[in-house]
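Down below is the structure, laid out as structure tokens.
Coordinate-derived values only; no laboratory data. From a predicted model like this one, the values you see are computed outputs, not experimental measurements. Glycine also receives a Cβ, built like all others from the backbone with ideal geometry; neighbour counts cover every protein chain displayed.
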């Protein structure tokens, strides 16, 4: 797909981190970008920086997602690009004993379900609604659209406490090929990135010694990933017309230890 001012894109989680870097990379190519995010202040600022539009959106809400797509399309027209970066995580062991009381407890199911709803169902909700809109586009060189999802190396290397997070991200990986096959006849491609340890705003809040230890655990290069490197791969997946139905690790060859 050629990236220029005739193309519109939606980036979920686009107000910060991997999503923000992708927003800025697309806008640098002239693409009209809509940012879906919960952080109104940051999202509005990024939208202003790139001449895009901010749409406040909780991807677990059908009403929010519908309203956000309506606002984005009113501003830019039907998107040909969707990049799903909205997501979150938690760390709770499946079953354990409280260190203070010795009482046995298990992973609260509402906390488990919340991660699934945001990372997996939220991603699918945005894919389905975006793809439906893409069906009405005229193909350009046989192509109507391109979708990039964000999973994690935790999809295959989940650590202790990551049952919900790994399940949600594993689901994103698992649905990539079936969705790509569903949409292939309509000229819409679907791929997924599995980032390793990236220097996102969440990571920047960690103590320096923690970040240094994490960086040292990466085989090469021995550092945390930069959000711009994620954005570079996302753009390659969008621009390369033969890239379809694939999930790709972007992690410096790291393989996560149990903890």
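For residue 135 and residue 181, the FRET efficiency from 1/(1 + (r/R0)^6), where r spans their Cβ atoms and R0 equals 25 Å, is about 0.95. Going from the fewest other Cβ atoms within 10 Å to the most, the residues 176, 101 appear in the order 101, 176. Counting other Cβ atoms within 10 Å as a rough exposure proxy, the listed residues 182, 64 run 182, 64 from fewest neighbours to most.
Per-residue ellipticity at 222 nm from helix content only, as computed over the chain with -39500 (n - 2.57) for each DSSP H run of at least four residues, stands at -13000 deg cm²/dmol.
Ranked by the mean number of other Cβ atoms within 10 Å per residue, highest first, peptides 115-122, 249-256 order as 115-122, 249-256. For the chain, what relative contact order do you get, as a whole percent, if you take Cα pairs closer than 8 Å and at least 6 residues apart? Dividing the mean separation by the residue count of the chain yields 20 percent.
Compute log10 of I(q)/I(0) for region 8-250 with the Debye formula, placing one identical point scatterer on every Cα and leaving out solvent, at q = 0.08, 0.16 Å⁻¹, to two decimals. Normalising to I(0) and taking log10 leaves -0.30, -1.16. Taking label points 7 Å from Cα along the Cα-to-Cβ direction, residue 242 and residue 212 give a separation of 4.6 nm.
Highest mean packing comes first when the peptides 196-209, 21-34, 49-62 are listed by Cβ atoms within 10 Å, giving 21-34, 49-62, 196-209. As a proxy for reagent exposure, 157, 98 were ordered by neighbouring Cβ count within 10 angstrom, fewest first; the result is 98, 157. Label-to-label distance for residue 113 and residue 156 is 3.2 nm, based on points extended 7 Å past Cα in the beta-carbon direction.
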